[in-house]
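Input: a single structure, listed below in structure tokens.
The values are calculated or read from the model by the stated rules, or taken from the named source; none is laboratory data. Note that the coordinates shown come from a computational prediction; the quantities given were computed from them, not determined experimentally. Here the Cβ positions follow ideal geometry from the backbone for every residue, glycine too, while neighbour counts run over all protein chains shown.
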Amino acid sequence: MLSRYLPIFVILAILSEILGTVGGFGSSVYFVPIANFFLDFQSVLGITALFHLSSNVTKIAFFKKGLDKKLILSLGIPAIVFVSVGAYFSKYPDPKVLTYILGLFLIGLSLLFLVFKQLKVKSNTKSAIVGGALSGLSAGLLGTGGAIRGITMAAFKMNKDKFIATSAVIDLGVDFSRTIVYYFNGYIHQHDLYLVPILIVVSVLGTWIGKKILNKISQDQFRKFVLFLILGIGIASVISNL
């Protein structure tokens, strides 16, 4: 089926990379539901992990002006630990139920921060650890955890380049860990590997376009855009399972 609709798949993948770059939390939040139309769920998990490895290396190269090393450790370490746990157990629960739960959680959380604009996640180590653990677990189980990480990182009020570069470094560790687990789970199939070089080109092109868009919006617009994107992801997650 995918070979027949490959041009459409590539265009949608580029769009997901652009939106993921502008939102600052990676393309998987869009790529996973898109790929679900063309591949079975386990194949989606496997190919998403491989795609994201190249995507995050590209983002680090494009947005290398600043990194929050403390946040990389406090958020990144629990994310890497829990993504391995989530990836291992991904073969057991019904992914539709988990997607509903994630979608409703993101809708509620993003609306909370959009309506009550003064409400903020506390920018401390405890928040970073909890956010990292939840985003890692979600990434392992569902293939995407960037929206939860984005909500957490937004509390630390970093500039756009620092936000995206820090998120990409954390995500790189997350994707490397889950790729190994997915491989041993049998999610990475030889007949899907022809997509890898295509998706490497997609990651470079989408990140480049996303960076151009980011240069034209303010820091406040960026933070609001992140929240609206997360709201859209939550709604799309729920609707996709109806």
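Tell me, please, whether a residue that is farther than 26 Å from Ile72 by Cβ and not polar (S, T, N, Q) can be found in segment 215-222.
The initial filter retains those residues of segment 215-222 that are farther than 26 Å from Ile72 by Cβ, namely 216.
Applying the additional criterion that residues be not polar (S, T, N, Q) yields 216.
Yes.
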Filtered residues of segment 63-118 (kept if among the basic types (Lys, Arg) and closer than 20 Å to Ala133 by Cα): Lys69, Lys70, Lys91
Determine whether segment 196-218 contains at least one residue that is touching a Leu at 6+ places or on another chain (Cβ under 8 Å) and modelled with pLDDT under 85. no
Can you name every residue in segment 16-40 that is hydrophobic (A, V, I, L, M, F, W, C) and at pLDDT 75 or above? Ile18, Leu19, Val22, Phe31, Val32, Ile34, Ala35, Phe37, Phe38, Leu39
